[in-house]
Structure formats: structure tokens, C-alpha cells
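S.K.: Shown below is the structure under consideration.
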Amino acid sequence: MIHVIAELRMAPGAREPFLAAFRRLEPLVRAEEGCLEYGGVLEVQTSLAAQSAPREDVLLVIEKWTNEAALAAHLAAPHMAEFAAQTSGQVTGRVLRVARDVSGPHAVR
């Protein structure tokens with residue numbers, strides 16, 4: 001299993017239309033073979049001293065995939081290309097982080 005955290009930075013004024021498009025995308029991705037978890041989250045303010053200030057313009061996508069091949073297929077899926085085209089002016093940056101567990105059956109060896 002691999003974990004993915006995608007950070008999508010939204011353009012000024014694009015938050016609501018971008019989030020609406022993302023909500024339509026989520027069930028399509030969850031139905032993909034190899035998808036174990038896929039969902040968008042927004043940062044929120046808490047009283048925790050260790051927390052950095054929330055970023056209003058960032059959507060974090062938390063994902064789990066059975067393997068790298070499933071993730072690669074996801075990235076090449078037609079609905080992902082359609083989503084990218086639909087939101088092209090609404091995103092100013094993307095960061096993709098892929099990770100593996102440090103312990104347990106899926107640990108990095």
C-alpha cells in the first residue's frame with residue numbers, strides 16, 4: 001500500500017468552483033481499481049500551539065492506493081484529464097508526495 005498527499009493551491013477567487021468540481025470527481029476516483037481511500041480536506045484553525053496557520057487557498061487530497069501501478073492508472077484516467085482541463089485556470093500549483101509505511105506489512109525495506 002502507498003500513501004499519497006496531494007497539495008493543490010487554488011487561484012484567488014477559485015475556491016468554490018474548484019471544490020465543486022473536486023466533489024464531482026471524488027466518487028469517480030473512489031470507484032477506481034486499487035483505490036483504498038481518496039478525499040479532499042481543508043486546513044482549519046485550532047488552539048494547538050504546534051499548528052501552522054491554515055492556508056485558505058490549499059486543498060489537501062489524502063489518498064491510499066494498493067500499489068504504484070494503481071496510482072499511475074489513476075493519474076492517467078480520463079476523468080483526471082477532464083478534471084485538469086476543467087480546473088486549469090483554478091489551480092496555481094500542485095505538490096504530490098508519495099510515501100510508504102515505516103512499520104508493518106507494507107513497510108519500506
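S.K.: I need the full set of residues from the range 37-73 which are of a type in the set (D, E) and part of a loop (DSSP other than H, G, I, E, B), in order please.
M.R.: Of everything in the range 37-73, those that are of a type in the set (D, E) and part of a loop (DSSP other than H, G, I, E, B) turn out to be E43, E56, D57.
S.K.: Now, a different point. Filtering the range 67-92 down to residues that are touching a strand residue (DSSP E or B) at 6+ places or on another chain (Cβ under 9 Å) and polar (S, T, N, Q), which residue is farthest from R24 (Cα to Cα)?
M.R.: It comes out as N67.
S.K.: Applying the selection to the range 53-87, what residues are among the basic types (K, R) and within 25 Å of P12 (Cβ to Cβ)?
M.R.: Passing the criteria: only R55.
S.K.: Return the residue satisfying two criteria in turn: it lies in the range 3-49 and is among the hydrophobic types (A, V, I, L, M, F, W, C) and at pLDDT below 95, and of such residues it is nearest to L71 (Cα to Cα).
M.R.: V44
S.K.: State all residues of the range 2-52 that are over 14 Å from H74 (Cβ atoms), touching a residue at least 60 places away in the same chain (Cβ under 8 Å) and not aromatic (F, W, Y); if no residue qualifies, say none.
M.R.: Within the range 2-52, I5, E7, L8, R9, M10, A11, A14, P17, A21 qualify.
S.K.: When residues of the range 15-32 are filtered for being surrounded by 15 or more Cβ atoms within 10 Å (Cβ to Cβ), of a type in the set (D, E) and either part of a helix (DSSP H, G or I) or at positive phi (or both), how many remain?
M.R.: Going through the range 15-32 one residue at a time, the tally reaches 0.
S.K.: A further question follows. Mind checking which residues of the range 56-109 are farther than 22 Å from P17 by Cα and of a type in the set (A, V, I, L, M, F, W, C)?
M.R.: Those that are farther than 22 Å from P17 by Cα and of a type in the set (A, V, I, L, M, F, W, C): W65, A69, A70, L71, A72, A73, A76, V98, A99, V102, A107, V108.
The values are calculated or read from the model by the stated rules, or taken from the named source; none is laboratory data. Small disclaimer: the values here were computed from a predicted structure and weren't measured. Here the Cβ is made from the backbone with ideal geometry for all residues, glycine too, and neighbour counts use every protein chain on show.
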